[in-house]
Amino acid sequence: ARVLGAFALAAVTAVPVGAMIATSRLVRGIIDPFIEFCRPLPPLAYLPLVVLWLGIGECSKVVLIYLAMFAPIALSTRAGISSVALEQIRAALSMGATRGQLLRYVLLPAALPEILTGMRIAMGFGWTTLVAAEMVAATAGLGFMVLSASKFMATDVVVAGILVIGAIGYLFDLGMREIERRLVPWCSNT
């Protein structure tokens with residue numbers, strides 16, 4: 001639930017930000033450097049600040065996962081919109097499309113395959129960030145279970161935890177592939 005909630009929040013905020021970066025030089029000049037600076041930072045680097053500001057509860061975990069997911073979605077949206085063929089844009093504009101219509105009917109549909117790829121990558125980042133955060137600052141969860149079991153040399157629990165973490169991550173990926181298959185069947189290779 002934490003991952004899916006953070007994913008929904010990241011998708012709702014990062015897609016518009018990525019679209020604004022792709023379509024506005026001013027926004028690109030202001031926001032893009034900040035995203036490019038934050039993108040390579042490991043999400044666990046934020047963990048001490050997030051725990052300090054928000055505590056060790058659910059909110060801090062969702063914020064940490066959100067931070068891990070935001071950049072891949074925003075950057076894939078920017079890349080997808082930036083790669084739309086100039087001919088498509090000119091054709092829509094020559095038919096009288098407004099800026100909003102151009103974004104809604106031309107740019108976003110053409111960029112959807114790349115946006116979905118970014119969402120798929122973000123889902124993986126979010127899941128691994130959650131598990132890692134549970135190993136560092138949590139009292140429950142799969143990461144906490146694996147770390148606790150390793151302290152007591154309970155190899156069977158560690159292996160079972162790793163298998164469950166991998167299985168859940170794989171299910172998230174299968175879900176994203178299914179969404180991709182349904183929304184962009186012309187370019188889905190899954």
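The values are calculated or read from the model by the stated rules, or taken from the named source; none is laboratory data. Model, not experiment: these values are computed from the prediction. A quick note on method: Cβ atoms are made from the backbone with ideal geometry, for glycine too, and the neighbour counts reach across all protein chains shown. Heads up: the accessible areas ignore ligands, DNA and RNA and are worked out on the full protein's heavy atoms, side chains in. Shrake-Rupley method; radii C 1.70, N 1.55, O 1.52, S 1.80 Å.
Answer with yes or no whether Gly5 is open to solvent by 30 Å² or more (accessible area, probe 1.4 Å) and over 19 Å from the mean Cα position of the chain (by Cα). Outline the logic, then answer.
Values: open to solvent by 30 Å² or more (accessible area, probe 1.4 Å): yes; over 19 Å from the mean Cα position of the chain (by Cα): no.
Judged against the criteria, Gly5 is not a match.
For Glu178, the conditions (1) over 21 Å from the mean Cα position of the chain (by Cα); (2) more than 20 Å from Ala45 (Cα to Cα); (3) not small (Gly, Ala, Ser) all hold with the exception of (1).
Considering Ala160, Ala167, Ala110, Ala133, the condition of being in a helix (DSSP H, G or I) and either acidic (Asp, Glu) or open to solvent by less than 30 Å² (accessible area, probe 1.4 Å) (or both) is satisfied by Ala133 alone.
On the given criteria, is Arg120 in a helix (DSSP H, G or I), open to solvent by 50 Å² or more (accessible area, probe 1.4 Å), basic (Lys, Arg) and under 15 Å from Ala19 (Cα atoms)? So Arg120 does not fit the description; no.
Only residues that are in contact with a Gly (Cβ under 8 Å, 6 or more places away or on another chain) and touching a residue at least 60 places away in the same chain (Cβ under 8 Å): list them for the stretch 68-78, please.
Taking the stretch 68-78 as the starting set, the residues that turn out to be in contact with a Gly (Cβ under 8 Å, 6 or more places away or on another chain) are 68-69, 72-78.
Within the stretch 68-78, Ala68, Met69, Ile73, Ala74, Thr77, Arg78 meet the criteria.
Residues in the stretch 80-98 that are assigned to a loop (DSSP other than H, G, I, E, B), without any contact (Cβ under 8 Å) to a residue 12 or more places away in the chain and on the phi < 0 side of the Ramachandran plot were compared, and the one that is most open to solvent (accessible area, probe 1.4 Å) is Met95. In the condition set (1) under 30 Å from Gly55 (Cβ atoms); (2) within 24 Å of the chain's Cα centre (by Cα); (3) open to solvent by 30 Å² or more (accessible area, probe 1.4 Å); (4) in contact (Cβ under 8 Å) with a residue 60 or more places away in the chain, Leu103 is compliant with all but (1).
When you look at Phe125, is it over 23 Å from Leu47 (Cα atoms) and open to solvent by 80 Å² or more (accessible area, probe 1.4 Å), yes or no? Taking the combined requirement at face value, the residue does not satisfy it.
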